[in-house]
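Remarks on the structure that follows.
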Amino acid sequence: MYEKDDPRSALATAARPDSGATITAAQYLDLRETPVVRAQNIILVHTDARDGDDLDNGTLEGELAIVVTDASPAFTVLTSEGATKVDSPGLVVVPPGASRISVHGDGPLVRLVEATEPAWRDRVANAGAYAQDHPRVTLLERWPAPAEERVRFYPLSEVPDDPKRFGRIFRTRSFMVNFLPLQDGPRDPRKLSPHHHDDFEQLSLAVQGEYVHHIRTPWLPDSTTWREDEHVRIGSPSVTVIPPPTVHTSAASDPGVNQLIDIFSPPRVDFSEKPGWVLNADDYPMP
């Protein structure tokens, strides 16, 4: 599963009896063709923003999270409480309510909202994939509220990579975002990390380079539901929605710089229980 020097090798692994529910198919979504997509609990909005754009987030019942990469423009988040300027990579968390984004340059922005948000749920391109709740995915129940509801920005520049920690992880009440280290060139094919999750989806957001997603669907007693192994190559920007309990691993394949950001909803308990892994744990408590 994990190499012994992989920080995830210390994670507890669950041993649950299989529910027998249908295992859904993975989704590979090109965000230039389908910029608004969803998973069970989360909607992802990809915008190729331009200088002077005024992006209306709507009046949200839950939080808004903004994923800011090296390619993103500077921008200002506007709420009834004031203005917050962001000009470097990291994660922005905006509390419920009305908000807008004033853009100061050109580049991509990724917004995350809960899948039930009325302002966004009818805009998603893959709505048909969630006409019914996926029985193997735990539905979102928001984690405890922070002591103070306000716009927060967590810049990556304040958090260097640490090989003892798996990426740079931030959580909110509804989401968990893991900024994985940049990968220069292809991943060593002899050092992959196939694994599975029992009850949550993984959204693998490719923001630079190209990846091959390897996905194996376990066999259930009904052989008519079996699938061939998948080895799907996809560039950026894209998001791959990986359903439980498929065995999966992703390999950077571009000779240049590759960057993947993993997104989960609700936040992962196993990551949250590892001391020091969630970098803003003091702001967003566990249940």
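The values are calculated or read from the model by the stated rules, or taken from the named source; none is laboratory data. In this text, all values refer to a predicted model and were calculated from it rather than measured experimentally. Only protein heavy atoms, including side chains, enter the accessible area calculation; ligands, DNA and RNA are left aside. Shrake-Rupley method; radii C 1.70, N 1.55, O 1.52, S 1.80 Å.
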- request: Return a single number: how many Lys pairs in the chain, at a sequence separation of 8 or more or on separate chains, have alpha-carbon atoms below 18 angstrom apart.
  value: 5
- request: Convert each backbone phi in the stretch 148-155 into a coupling constant with the Karplus relation 6.51 cos²θ - 1.76 cosθ + 1.60 (shift: θ = phi - 60°), then list the ³J(HN,Hα) values in order as whole Hz, x for Gly and Pro.
  value: 9, 7, 7, 5, 10, 10, 10, x
statement: Calculated from DSSP helices alone, with each H run of at least 4 adding -39500 (n - 2.57) and the total divided by the residues of the chain, [θ]222 nm to the nearest 500 comes to 0 deg cm²/dmol
- request: Measure off, as a whole percent, the carbon and sulfur share of the 1.4 Å-probe accessible area of the stretch 174-233, all protein chains present.
  value: 53 percent
query: Percent of accessible area on the stretch 16-68 owned by carbon and sulfur, 1.4 Å probe?
result: 44 percent
statement: Regression test value, accessible area per residue of the chain, probe 1.4 Å, units Å², expected 47 Å²
statement: In whole percents, the bins of 5 Å from zero upward hold the Cα-Cα pairs of the stretch 121-231 as 2, 7, 11, 17, 19, 17, 14, 9, 3, 1, 0
- prompt: Roughly how many Å is it from the Cα centre of the stretch 203-241 to that of the stretch 244-287, as a whole number?
  reply: 17 Å
Options (i) 18.3, 57; (ii) 21.7, 74; (iii) 23.9, 85 - which one matches Rg and Dmax of the Cα atoms in Å as calculated here: (i)
